[in-house]
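*Asks:* Have a look at this one before I ask anything.
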Amino acid sequence: MRLSKRLKAISGLIDKDSIVLDIGCDHAYLSIDLINSHKSTKVYAIDNKEAPLLEAKKNIKDFNLESKIIPILSDGLMNVNVHDYTHIVMAGLGGELIANILKRDTIKDDVTLILEPNINAYAVREALVSLSYSIINEVMVLDSNVYYPIIVARKESILPNYSFTELNFGPILIKTKSKELKGYLERKISILESKNTANNIALTNKINFYKEALNEIK
């Protein structure tokens, strides 16, 4: 089984000997990789839809991993009665959905979050700040011509004061001058400029905001 570049990057951010809640597991490819690569000792493959969870169960059985990967039908953590987990992964979900799950569900304080929103990463970072999480690592991956931000967070007693630009584009991605973030910003500017033929004020302001962020990492 070959993982996408995006899922490989997520797998690489998970600590060895972890116990993972893979929320939005889809077909359980990440869950299977975490066990087969000896990263995790146990994974709970969670999805809120029956069809992908049935496919996940089939894949888990095909790899003879029923004792190490437990599929659960649940909306976020609502039907998850598990207390020994060390990591939560939410990948391929919308940013607002991830933020809502973080705010709604009860999560242990000593857990590492690995979050990959497919849209609206700002909502995720804003939720993390409101819940006293600190962003401890970030990477951005270009996979099949799509840019994916991946955010790693933990609860901290002292929180950094993130700027509006950092909440939008990632404090660590900006600090490390991520070439993928640079490519993402350049693409967004190009797309917006092609649409802004009438010099619309709102679009112009948005373009300038992206350009300011690009200047920070240059």
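*Asks:* Filter segment 150-196 down to residues that are surrounded by 12 or more Cβ atoms within 10 Å (Cβ to Cβ) and within 25 Å of residue 110 (Cα to Cα), then give me how many there are.
*Replies:* 15
*Asks:* Turning to a different aspect of this structure: Could you list, in sequence order, the residues of segment 75-92 that are in contact with a helix residue (DSSP H, G or I) (Cβ under 9 Å, 6 or more places away or on another chain) and open to solvent by 30 Å² or more (accessible area, probe 1.4 Å)?
*Replies:* The answer is 75, 78, 92.
*Asks:* Taking the criterion of being in a loop (DSSP other than H, G, I, E, B) and farther than 20 Å from residue 10 by Cα, would at least one residue in segment 134-153 satisfy it?
*Replies:* Scanning segment 134-153, I find no residue that is in a loop (DSSP other than H, G, I, E, B) and farther than 20 Å from residue 10 by Cα, so the answer is no.
*Asks:* Do you know which residues across segment 189-218 are outside any helix (DSSP H, G or I) and farther than 23 Å from residue 171 by Cα?
*Replies:* Result: 196, 197, 198, 199, 200.
*Asks:* Only one residue in 46, 107, 98, 72 is open to solvent by less than 60 Å² (accessible area, probe 1.4 Å) and in a loop (DSSP other than H, G, I, E, B), so which one is that?
*Replies:* Unique residue meeting the criteria: 107.
The values are calculated or read from the model by the stated rules, or taken from the named source; none is laboratory data. Predicted, not measured: the structure shown is a model, and the values here were computed from it. As a convention, Cβ positions derive from the backbone with ideal geometry for all residues, glycine included, and neighbour counts pool all protein chains shown. When the accessible area is computed, the model is the full protein with side chains, heavy atoms only, and any ligands, DNA or RNA have been set aside. Shrake-Rupley method; radii C 1.70, N 1.55, O 1.52, S 1.80 Å.
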